[in-house]
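Have a look at the structure below before the remarks.
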Amino acid sequence: MRAWIAFGILVLVIFGVNFAGAILSGGSCPKNVYGTNNEKHIKYFSSPLCLACWAQKPIIEKMAAEKGDKFLLEEYDVDFCREAAAPNYIRGIPAFMINDTVVYGLQNEEELREMIG
């Protein structure tokens, strides 16, 4: 019985930590913005519960540090930014939308460089 209570508390803590930022910020959309060049506009859809999204974030941050002047990437949390995901027919995460083309799945650094150009 104690193990189930501890498990329940752990689940509540994990959900609380994952969603605390979005709840406290009012679920602002976009959640994060990387880069500065609006000519190459990329929308990135993720979720705090997506493990592939956790792996994608350091790659995005590295690309923003190296090539941030070549693109503008907006990160949307699909749990709180449904108005951004629904019209674009986003059906899985992580997802990148570039020029009305949606690319699903974890993108390695080389694939992300090709997208950015």
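The values are calculated or read from the model by the stated rules, or taken from the named source; none is laboratory data. Worth saying up front: this structure is predicted, and the values here are computed from it rather than measured. As a convention, Cβ positions derive from the backbone with ideal geometry for all residues, glycine included, and neighbour counts pool all protein chains shown. The protein model used for the area step is the full one, side chains on, heavy atoms only, and it has no ligands, DNA or RNA in it. Shrake-Rupley method; radii C 1.70, N 1.55, O 1.52, S 1.80 Å.
A few comments on the model shown:
- Net charge of Cβ neighbours under 13 Å - reference His41; Lys, Arg +1; Asp, Glu -1: -1
- Whole-Hz ³J(HN,Hα) from phi, Karplus 6.51 cos²θ - 1.76 cosθ + 1.60, for the range 77-88, glycine and proline x: 8, 5, 6, 10, 10, 5, 5, 8, 7, 4, x, 8
- Percent accessible area from carbon and sulfur atoms, the chain, protein chains only, probe 1.4 Å: 61 percent
- Figure note: Glu39, Glu75, Glu110 ranked by solvent-accessible area, largest first, 1.4 Å probe, ligands and nucleic acids not counted: Glu39, Glu110, Glu75.
- Other residues within the sphere of radius under 11 Å centred on the Cβ of Ile90, judged by their own Cβ, net out at +3 (K and R +1, D and E -1).
- Just checking the listed ones, Leu49, Leu73, Leu106: in the Gaussian network model of the chain with Cα springs under 10 Å, the one fluctuating most is Leu49.
- Think of a 1.4 Å ball rolled over the protein heavy atoms: the chain then has 61 Å² of accessible area per residue.
- For the chain, the Cα gyration tensor yields ellipsoid semi-axes of 29, 15, 13 Å (square root of five times each eigenvalue, largest first, whole Å).
- Based on Cα atoms of the range 37-104, Rg over Rh with Rh as the Kirkwood radius reads 0.95.
- Qualifying chymotrypsin sites (Phe, Trp or Tyr not before Pro) for the range 28-117 [loop in DSSP, other Cβ within 10 Å: at most 16]: Tyr89
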